[in-house]
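Notes follow once the structure below has been shown.
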Amino acid sequence: MTVKNNVILNHTEINHKIRRIAFQIYENNVDEKEVILAGIDKNGYIFAKKLKSVLQKISDINLVLCKVSIDKKNPQSEIKTSISEEDYKNKSLILVDDVLNSGTTLIYGVKHFLNVPLKQFKTAVLVNRNHKKYPVKADFKGISLSTSLHEHVNVVLEGNVFEAVLE
């Protein structure tokens with residue numbers, strides 16, 4: 001059996017999805033003075049930076065970028081953030097990742113941020129795969145896919161290459 005890679009989102013399509021999600025985030029937070037974009041380390045953080053860049057062009061909301069470090073192989077281990085709890089307390093927070101697959105990474109990220117009171121908590125993903133083990137959903141998503149459990153979505157958001165590939 002030959003494994004075939006299929007590009008599901010190319011560079012232009014990813015930029016379009018980022019822009020659309022940024023507008024949805026803005027519409028959802030139009031009355032907020034500050035919004036925390038908490039990107040899960042690696043691609044989620046890169047995605048959050050790209051969302052911040054677009055949001056800065058379309059809104060006057062103060063955007064704070066937060067890097068969330070989660071051990072994806074052992075998500076119950078300590079989760080670290082680049083900003084303190086005091087910095088996101090009683091604020092609107094959006095947890096950002098590139099792919100929502102089983103929901104494990106996102107649910108443990110959600111759990112971490114629930115240790116302090118938040119004004120609003122939403123999630124944003126570029127690709128939603130619909131294979132959830134946990135009751136977590138993406139409030140803002142670029143694309144939803146129905147895939148088999150054996151398939152893998154690889155998102156590249158580096159340099160001039162933006163691409164989501166189904167492997």
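The values are calculated or read from the model by the stated rules, or taken from the named source; none is laboratory data. All values reported here derive from a predicted model rather than from experimental measurement. Every residue, glycine as well, gets a Cβ built from its backbone with ideal geometry; the counts of neighbours run over all protein chains shown. Please note that ligands, DNA and RNA were not included when accessible areas were found on the heavy atoms of the full protein model with its side chains. Shrake-Rupley method; radii C 1.70, N 1.55, O 1.52, S 1.80 Å.
Points worth noting:
- Per residue accessible area of the range 1-88, 1.4 Å probe, in Å²: 60 Å²
- The chain: angle of helix 104-113 to the longest principal axis, Cα-based, in degrees nearest 10: 0 degrees
- Normalised by 2.2 N^0.38 Å, where N counts its residues, the alpha-carbon radius of gyration of the range 93-146 equals 1.07.
- Within the range 1-105, trypsin sites (Lys or Arg not before Pro) in DSSP loop having at most 14 other beta-carbon neighbours inside 10 Å: Lys4, Lys33, Lys72, Lys73, Lys89
- Accessible area of the chain belonging to carbon and sulfur atoms, whole % at 1.4 Å probe: 47 percent
- The chain: translational diffusion in µm²/s, Stokes-Einstein, Kirkwood Rh over Cα pairs, 20 °C, 1.002 mPa s: 133 µm²/s
- Note on the chain: antiparallel DSSP beta bridges, both residues inside, total approximately 30 percent of the bridges counted.
- Using just its DSSP H runs of length 4 or more, each adding -39500 (n - 2.57), the chain gives a mean residue ellipticity at 222 nm of -9000 deg cm²/dmol after division by all residues.
- Per-residue accessible area (protein heavy atoms, 1.4 Å probe) orders His112, His11 as His11, His112, starting from the largest.
- Charges were assigned to the Cβ only: +1 to each Lys and Arg, -1 to each Asp and Glu. The resulting dipole of the chain about its Cα centre is roughly 220 debye.
- A simple rule links phi to the HN-Hα coupling: the Karplus curve 6.51 cos²θ - 1.76 cosθ + 1.60 with θ = phi - 60°, which for the range 11-21 gives 3, 5, 5, 5, 4, 5, 5, 4, 5, 5, 5 Hz, with x for Gly and Pro.
- Applied to the range 41-54, the Karplus parametrisation 6.51 cos²θ - 1.76 cosθ + 1.60 on θ = phi - 60° returns per-residue 3J(HN,Hα) values of 3, 6, 5, x, 5, 4, 4, 4, 4, 5, 4, 4, 4, 5 Hz, with x for Gly and Pro.
- Using a Förster distance of 30 Å, the FRET efficiency for Ser102-Gln56 (Cβ separation, nearest 0.05): 0.40
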